[in-house]
Amino acid sequence: MRSPRQETGPPDLTTPEGFGAFYEEHIDAVLGFVTRRVADPHLAADLTADIFLAAMGSAGTYRGHRGAPVAWLFGIARNVLSGHARGRARESGALARLSGRRLLDDEDVAALEERIDAQRAFRALAERHAALSEPLRAALDLVVVDELTPAEAAQALGVTQATVRVRLHRARRALSAPGAVTGRQLEAAR
């Protein structure tokens, strides 16, 4: 059965009254189209509103002689639903990438905590090292970092080997203050 509007010609969708009548005539058909494809009532209402907004925006391109108005609306509805599905797919992909990180088990957490503690201890050691006097720091660096013997360090510094040994003792004592780094913590920090 044809509606009276179809007999009198295509509706004028460019006026508020014409579009309002068009909306009233086709809302049930569009809502049925959407609810056959979407289970969430709130989403169905939102998508139906989006379809009519898109139809309003495209009202100037509507050509009644090309087919039934409901077919035109269903074409718009398919585009709106496809756009929604693409948006959901992008959103799901983004969430999957964010949540795709593996969960840490207790052993992983413990290893990370140990590493964080080692880094904290290492920074504290570096601060204490920087606070050493230049002669103590120089002797320590030559022996520990550059791996010279105390005799070679004494020669490089232009002091006696006994002086280097005293400086090393004082530097090590200053560095071994409370919170000093253990060898295990240094390894974990690397």
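Structural remarks
- When the stretch 4-55 is filtered for residues that are more than 16 Å from L73 (Cα to Cα) and either at pLDDT below 85 or not charged (D, E, K, R) (or both), the ones remaining, listed by number, are P4, E7, T8, G9, T15, P16, V38, A39, P41, H42, L43.
- 2 or more residues closer than 30 Å to L13 by Cβ: qualifying helices (runs of 4 or more DSSP H) within the stretch 56-161: 69-99
- Selected residue [at pLDDT 85 or above, out of contact with any Cys (no Cβ under 9 Å at 6 or more places or on another chain) and closer than 30 Å to T48 by Cβ] from R128, R86: R86
- In the stretch 28-78, the residue that is least open to solvent (accessible area, probe 1.4 Å) out of those that are without any contact (Cβ under 8 Å) to a residue 12 or more places away in the chain and hydroxyl-bearing (S, T, Y) is T35.
- Every condition in (1) open to solvent by 50 Å² or more (accessible area, probe 1.4 Å); (2) assigned to a helix (DSSP H, G or I) is met by G20 except one, and the failing one is (1).
The values are calculated or read from the model by the stated rules, or taken from the named source; none is laboratory data. These figures come from a predicted structure and were not determined experimentally. In this analysis, Cβ positions are derived from the backbone assuming ideal geometry, glycine residues included, and neighbour counts consider all displayed protein chains. Keep in mind that these areas ignore ligands, DNA and RNA; they rest on the heavy atoms of the full protein, side chains included. Shrake-Rupley method; radii C 1.70, N 1.55, O 1.52, S 1.80 Å.
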